[in-house]
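I have placed the structure first, in the form of structure tokens, so that the comments after it can refer back to it.
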Amino acid sequence: MISAIKFRGNFFSGILQAILLVTIGLVSNSCKIYSFKDVSIPPQVKTIRIGFIENRARIVDPTLSPQLTDKLKQKVNNETKLTQVQSDDADYDVTAYISDYSVSTSGVSNQTASTNRLSVSVHISLKNRLNDQKLGTPDFEADVSRNFDFAASMTLNDAQSTLTPMIVSNMTDDIFNRLFSNW
């Protein structure tokens, strides 16, 4: 009888372990829940104009504006069927500017700054020229912001060389998602 209880205990233990492994597998896969391929652009919208993203922040990284503009244009080109045009009669007209680029202390250890935070914000504006036909996304303005931490022992110039590719990638994704995924 004792061996039957052990067997039953091992059996149920095995089932619990299997359930636990399946649950862990599902949870780890669900870490990828943000698949931003859900672009919702009505078929009537054919063209887009993306203006140069100006830097109006107090601190100016001279490489950020052109890199952000180019990356956004590439992403729109690669992930939508919209044709990019330079004329004022584009169906969607996107303008944007970097509104904040500032550094603050985000971590303190032994009464000394240990981590700094670079905050970046971009103000975007979408003008839908097809609005009178009630097609597509309505006109809107929005801000997208991200924070990027770096060691306080680094200067901002040193941190920028490391952070700029991440800033460009993350901010481009955020802008794109705000424009086309109602995110």
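The values are calculated or read from the model by the stated rules, or taken from the named source; none is laboratory data. Just so it is clear, the model here is predicted, and its values are computed rather than measured. As a convention, Cβ positions derive from the backbone with ideal geometry for all residues, glycine included, and neighbour counts pool all protein chains shown.
Of the residues screened, V94 is not one that is in contact with a helix residue (DSSP H, G or I) (Cβ under 6 Å, 6 or more places away or on another chain) and at pLDDT 95 or above.
Out of T112, T137, report the one residue that is in the same structural domain as A57 (by TED's automatic domain parsing), farther than 19 Å from R49 by Cα and either exposed (fewer than 15 other Cβ atoms within 10 Å of the Cβ) or at pLDDT below 90 (or both).
Just a single option satisfies the conditions, and that option is T112.
For the range 58-81: of the residues being within 20 Å of the chain's Cα centre (by Cα) and free of Cβ contacts under 8 Å to residues at least 60 places away in the same chain, which is nearest to S121 (Cα to Cα)? Result: S65.
Checking V60, V85 one by one, the residue that is of a type outside the set (S, T, N, Q) and under 30 Å from S153 (Cα atoms) is V60 and no other. Among the residues of the range 154-183, write down those that are small (G, A, S) and under 15 Å from L72 (Cβ atoms). Of everything in the range 154-183, those that are small (G, A, S) and under 15 Å from L72 (Cβ atoms) turn out to be S169, S181.
Checked across the range 164-175, the condition of being surrounded by 13 or more Cβ atoms within 10 Å (Cβ to Cβ), in contact with a Phe, Trp or Tyr (Cβ under 7 Å, 6 or more places away or on another chain) and at pLDDT 95 or above holds for at least one residue.
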